[in-house]
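Throughout, read-outs are computed from the coordinates displayed, never taken from laboratory work. Computed from a predicted model, the values in this text were never measured in an experiment.
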Amino acid sequence: MKFTPESFRAWERKKITLLGMSGVGKTYISGLLRRHDWFHFSGDYRIGTRYLDEPILDLIKQQAMRVPFLKELLRNDWIDVRNNIKIEDLGPVLSFVGKLGNPDFDGLSLPEFSRRQALYREAEIAAMRDVPEFIRKAQEIYGYDHFVNDVGGSLCELEDDSVIELLAEHTLILYIQVTTRDEEDTLIRRAQSDPKPLYYRPAFLAEHLPVYMADRGLEFVAQVEPNDFTRWVFPRLFHSRVPRYEAIAGPHGYTVTSREVAQVKNQADFLALVEAAIARKS
């Protein structure tokens with residue numbers, strides 16, 4: 001969607017997609033807007049509760065079946081297993097995606113890791129295609145006038161132009177950009193100090209995994225220490241995503257900085273920031 005500052009201000013039912021790396025402030029802004037009566041659509045929450053719910057539960061049951069006591073309970077349908085994901089805690093999704101490497105450190109083999117990565121990609125695409133219907137539901141069922149789409153950091157990796165075109169048709173895309181080296185370093189240090197599962201484009205993984213293994217003198221993926229690989233690869237992933245975000249925001253959206261987002265304290269601040277971004281592009 002394209003706007004002038006005036007047309008955005010007059011837009012009665014605002015619908016915004018927040019785009020950017022994990023940690024730049026998307027969920028902070030979404031939570032703030034939720035307190036101002038916006039409908040908060042979390043892509044990862046939708047993935048976990050709808051599109052990966054069954055695979056997550058299958059994984060849990062597979063592990064539980066290794067315990068004789070739980071095996072008997074499950075096989076006799078005496079217990080139920082439930083995915084208790086929350087918008088503020090996406091642990092089940094992260095646990096399903098997993099990390100590549102040595103099984104002694106909870107790593108996954110390359111075939112299994114690639115299988116889960118493919119399932120996650122399909123789930124993220126499906127969740128984003130749900131956005132127009134959830135805009136309708138938010139308004140017609142729940143009575144929300146405004147809608148914020150809090151997407152995962154890997155949206156730029158999906159390589160499906162139809163998803164971006166759909167979001168641009170139904171929402172204003174706002175890219176939260178990291179503009180200083182200090183901010184980049186902070187995000188990278190944060191990700192490296194607490195490595196979390198990540199989605200990688202197949203081509204990105206195929207390019208960087210051999211480099212890592214050569215750097216560490218490893219012959220087999222099963223020798224990879226999962227957290228070490230995640231720490232090593234994150235800065236490379238970060239810098240590979242920046243031009244991909246910019247390629248979306250350039251033709252389809254507007255750009256603000258993470259530093260500007262950090263100054264937002266309420267809905268009025270946020271709306272003023274969006275207007276400023278529109279004016280800059282105009």
Other-chain or far-sequence residues with amide H under 5 Å of Lys99's (modelled H): Leu108
The stretch 163-169 - phi-based ³J(HN,Hα) in whole Hz, Karplus 6.51/-1.76/1.60, Gly and Pro as x: 5, 5, 5, 5, 5, 5, 6
Listed residues Gly31, Gly143, Gly98, most fluctuating in the chain (Gaussian network, C-alpha, under 10 Å): Gly143
Rg(Cα)/(2.2 N^0.38 Å) for the chain, N = residue count: 1.08
For the stretch 41-199, average projected area of the Cα convex hull in nm²: 12.5 nm²
Nearest-ten-degree value, helix 181-193 long axis tilted from longest Cα axis of the chain: 30 degrees
GNM flexibility winner over the chain from Leu237, Leu70, Leu108 (Cα, springs under 10 Å): Leu70
Between helix 202-216 and the chain: long-axis angle, C-alpha atoms, 0 to 90°, nearest 10: 60 degrees
Semi-axes of the equivalent ellipsoid for the stretch 125-252, Cα gyration tensor, largest first, Å: 34, 16, 14
Whole-angstrom gap from the stretch 92-136 to the stretch 186-206, using each part's C-alpha centre: 14 Å
Highest-MSF residue in the chain out of Phe147, Phe96, Phe113 [GNM, Cα springs under 10 Å]: Phe113
Value at 222 nm in deg cm²/dmol, rounded to 500, when DSSP H runs of n ≥ 4 in the chain each add -39,500 (n - 2.57): -17500 deg cm²/dmol
Amide H contacts of Thr17 (H built 1.01 Å from N, under 5 Å, at least 5 apart or other chain): Asn149, Leu172, Ile173, Leu174
Whole-number percent relative contact order across the chain, with pairs defined as alpha carbons under 8 Å at least 6 apart: 33 percent
Other-chain or far-sequence residues with amide H under 5 Å of His36's (modelled H): none
Residue-wise HN-Hα coupling along the stretch 217-227, computed from phi with Karplus coefficients 6.51, -1.76, 1.60 (Hz; x: Gly, Pro): x, 9, 9, 10, 4, 5, 8, 5, 7, x, 5
Cα-based helix-to-principal-axis angle, 267-281 vs the chain, degrees rounded to 10: 80 degrees
Karplus (6.51, -1.76, 1.60) ³J(HN,Hα), θ = phi - 60°, over the stretch 233-241, in Hz, Gly and Pro reported as x: 7, 4, x, 5, 5, 3, 6, 6, 7
